[in-house]
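Enquirer: Shown below is the structure under consideration.
The values are calculated or read from the model by the stated rules, or taken from the named source; none is laboratory data. Since we're looking at a predicted model, the values are computed, not measured. Don't worry about glycine lacking a Cβ; one is built from the backbone with ideal geometry, like all the others, and counts go over all protein chains shown. Ligands, DNA and RNA are stripped out before the accessible areas are found, and what is left, the full protein with its side chains, is counted by its heavy atoms. Shrake-Rupley method; radii C 1.70, N 1.55, O 1.52, S 1.80 Å.
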Amino acid sequence: IIQQLMVNKFLQLLFVLFICASMQAQVTYSDDFEAYNAGSTVVTNNSTNWRTWGSTTGGAADDAYITEEAAASGTKSIKIEATVADGGPEDLILKLNNANVNKGLVDVSFNLLVVKGKSGYFNFQSTTTPGTGWAMEFFINNDGTIDVSSNSKAFSNQLTYTPDKWFNFRAVIDATNNLWQIYIDGECKATYRSGLASVASID
């Protein structure tokens with residue numbers, strides 16, 4: 001659930017996945033949402049790469065909408081806006097090659113705009129079944145800080161961003177060694193180890 005969070009180019013860079021020990025395969029996915037119609041839902045447009053927490057086909061209450069209200073580039077982005085106090089009902093998931101990745105490199109980059117006075121949240125799920133493991137969580141506070149935790153364990157070092165301004169988030173995940181390098185606007189801000197040994201999606 002991401003409160004009043006607009007996301008453009010939600011997966012902009014590159015996934016590189018080692019499928020097995022003897023064979024290396026590279027999987028790349030990018031999306032700038034320009035081909036989607038404003039007012040339509042994300043999973044309805046692309047259920048191959050996207051799903052929601054509760055649906056694989058889209059169009060449900062937890063699907064998110066394409067908007068032309070703001071964009072980091074082009075004209076469109078995803079708008080995720082909470083309508084209840086605890087967040088939701090929109091709960092969008094980007095699948096990482098439909099796999100639980102525990103070897104190789106996963107490189108994820110996307111642009112975020114958190115409206116001034118609002119907060120946001122996203123996480124990386126550890127398995128392809130939502131709700132079975134939170135590999136890494138990012139709590140975007142309205143004061144410009146981001147709290148990070150893994151498997152319910154909070155890390156002491158916070159990240160920072162500028163509210164009401166687009167910023168780029170990037171995670172370079174060495175799944176083999178369980179090392180997560182986190183970049184904000186191109187600068188490496190922290191390195192973490194997940195409490196779980198795999199990553200499968202971005203929620």
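Enquirer: For each pair in Lys79/Lys153; Lys79/Lys165; Lys116/Lys153, compute the distance between the two Cα atoms and list the pairs where it is over 25 Å.
Expert: The answer is Lys79/Lys153; Lys116/Lys153.
Enquirer: Using a Förster distance of 25 Å, how high is the FRET efficiency between Ser149 and Thr127, based on the Cβ-Cβ distance and rounded to 0.05?
Expert: Details: r = 18 Å, r/R0 = 0.71.
According to the calculation, E is roughly 0.90.
Enquirer: Give the carbon-plus-sulfur fraction of the accessible surface of the chain in %, rounded to a whole number; probe 1.4 Å, heavy atoms of protein chains only.
Expert: In the chain, the share of accessible area belonging to carbon and sulfur is 47 percent.
Enquirer: With every protein chain present, what is the per residue accessible area of the chain (1.4 Å probe, Å²)? Before the final figure, lay out the partial values.
Expert: Numbers: 9040 Å² over 203 residues.
It amounts to 45 Å² per residue over the chain.
Enquirer: Listed highest first by mean packing, meaning other Cβ atoms within 10 Å per residue, what order do 171-180, 105-114, 145-154 come in?
Expert: In descending order of packing, they fall as 105-114, 171-180, 145-154.
Enquirer: Now for a different question. Ranked highest first by the average count of other Cβ atoms within 10 Å around their residues, in what order do 80-92, 182-194 fall?
Expert: Highest mean packing first, the order is 80-92, 182-194.
Enquirer: What distance in nm separates the two pseudo spin-label positions at Thr48 and Ser73, each 7 Å out from Cα along the beta-carbon direction?
Expert: Spacing of the two 7 Å Cα→Cβ label points: 2.2 nm.
Enquirer: OK, next. DSSP loop (so not H, G, I, E, B), at most 13 other Cβ within 10 Å: list which trypsin sites (Lys or Arg not before Pro) in region 98-127 pass both filters.
Expert: For trypsin sites (Lys or Arg not before Pro) across region 98-127 that sit outside H, G, I, E and B with at most 13 neighbouring Cβ atoms in 10 Å, the list reads Lys116.
Enquirer: Would you calculate the convex hull of the Cα atoms in region 98-203 and tell me its volume per residue in Å³?
Expert: Working: hull volume 9.6 nm³, N = 106.
It comes to 91 Å³ per residue, whole-number rounded.
Enquirer: Here is a follow-up. Could you work out the pair-distance distribution P(r) of the chain from its alpha-carbon pairs, with 5 angstrom bin width and percents rounded to whole numbers?
Expert: 1, 8, 16, 21, 22, 17, 10, 3, 1, 0
Enquirer: Show me 156-166, 42-52 ranked by packing, highest mean number of other Cβ atoms within 10 Å first.
Expert: The peptides rank, most packed first, as 42-52, 156-166.
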